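The values are calculated or read from the model by the stated rules, or taken from the named source; none is laboratory data. What you are looking at is a predicted structure, and each value in this text was computed from that prediction instead of being measured. Here the Cβ positions follow ideal geometry from the backbone for every residue, glycine too, while neighbour counts run over all protein chains shown. The area values use the complete protein model at the heavy-atom level, side chains included, leaving out ligands, DNA and RNA. Shrake-Rupley method; radii C 1.70, N 1.55, O 1.52, S 1.80 Å.
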Amino acid sequence: MTATTTKALTVQEAIETRRSIRKFVQEPMDQNDLREILELAGLAPSAWNAQTWRFAVVQTPEVKAKLQEAAYGQPQIGNAPAVIVVYSDMEDTLANVEETAHPGMGDAGRTGQRTTFDNAFGAQPVAQRGAWGLTQANIAFGFLMLAARGKGYDTVPMLGFQPDKVRELLGLPEHVQFAGLLPIGKRAEEGFPHHRHNIDRVTKFY
Ligand SMILES: Cc1cc2nc3c(=O)[nH]c(=O)nc-3n(C[C@H](O)[C@H](O)[C@H](O)COP(=O)(O)O)c2cc1C
């Protein structure tokens, strides 16, 4: 499977050929592909359909350079045509929770969604409910990597950065929590072959 593949990969092919790529072909991201990849990631499931994830797409060289600085200089950020910052904003989710009620459920659905979230999270400290929000955003982060690969792109997930610096750079509120940074583009290296536990090492069958 080469970097120039345009045919969509099967899920199995996307999983098997995804590996962390840190050197990218030096060309801008196709903006339609970028949007489609984000839309696919947004189809991830979440508890009560909360959709706590938010995306910040960095493509301008100046902002990328600052993002790289916040990530201890890791060069894959500057090398990628785009970096998708995936974070969760549980406070935005809670403030606008009616948006996430299925329209088919009408007013009752919206009221129910409000009650559910107020009951579950209203009394929790911001950091605690923020941690819950992050568990949901992590699901979208995984979908994002596979959606990208499925459309012939490559990525490297990253948590090696200073969250406060990234919040400041992107003007994000203090309560948001990061699933990770995701440099994305077409691969210009092959990356490392998978090295994983044998399934029997990590699985119990009952
Ligand atoms: C949450 C997360 C954080 C990571 N952070 C970094 C990082 O900051 N820098 C980096 O070069 N790789 C990072 N990686 C990539 C891992 O090293 C890589 O996924 C792992 O070694 C398995 O290799 P593979 O992705 O090629 O299968 C991260 C991976 C994950 C899932």
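DSSP H helices in the chain with Cα extent of 30 Å or more along the helix axis and mean Kyte-Doolittle hydropathy at least 0.5?
Helix filter hits for the chain: 126-150.
Specify the inter-centroid distance of region 157-206 and region 34-62, based on alpha-carbon positions, in whole Å.
A separation of 14 Å, based on Cα centres.
For region 12-186, which whole-number percentage of the solvent-accessible area (1.4 Å probe, protein heavy atoms only) is attributable to carbon and sulfur atoms?
Using a 1.4 Å probe with all protein chains present, region 12-186 comes out at 53 percent carbon and sulfur.
Which of rounded, prolate, oblate describes the chain, given a ≥ b ≥ c as roots of the alpha-carbon gyration tensor eigenvalues and a/c under 1.5 marking rounded, otherwise prolate only if a/b is larger than b/c?
Prolate shape, in that a/c is at least 1.5 and a/b is the bigger ratio.
For Ala95 and Ala108 in one chain, what is 0.36 nm times their gap in residues minus the Cα-Cα distance, to one decimal in nm?
Contour length minus the Cα-Cα distance gives 2.9 nm.
So what is the accessible area of the chain per residue, in Å², with the probe set to 1.4 Å?
Computed with neighbouring chains in place, this is 55 Å² per residue.
Express the relative contact order of region 1-130 as a whole percentage, based on alpha carbon pairs under 8 Å and six or more residues apart in sequence.
Over region 1-130, the number comes to 23 percent.
Highest mean first, how do 122-134, 67-79, 83-95 rank when packing is the count of other Cβ atoms within 10 Å averaged over residues?
Ranked from most to least packed, the peptides come out as 83-95, 67-79, 122-134.
With respect to the cross-link table entries Lys64/Lys186; Lys23/Lys204; Lys23/Lys66, which display a Cα-Cα separation exceeding 28 Å?
Lys23/Lys204
On full extension of the chain, what length is gained from Phe205 through Asp30, given 0.36 nm per residue of separation minus the C-alpha to C-alpha distance?
The span from Phe205 to Asp30 would gain 58.6 nm if fully extended.
Suppose accessible area is computed on protein heavy atoms with a 1.4 Å probe; arrange Asp164, Asp30 from highest to lowest.
Order by accessible area, largest first: Asp164, Asp30.
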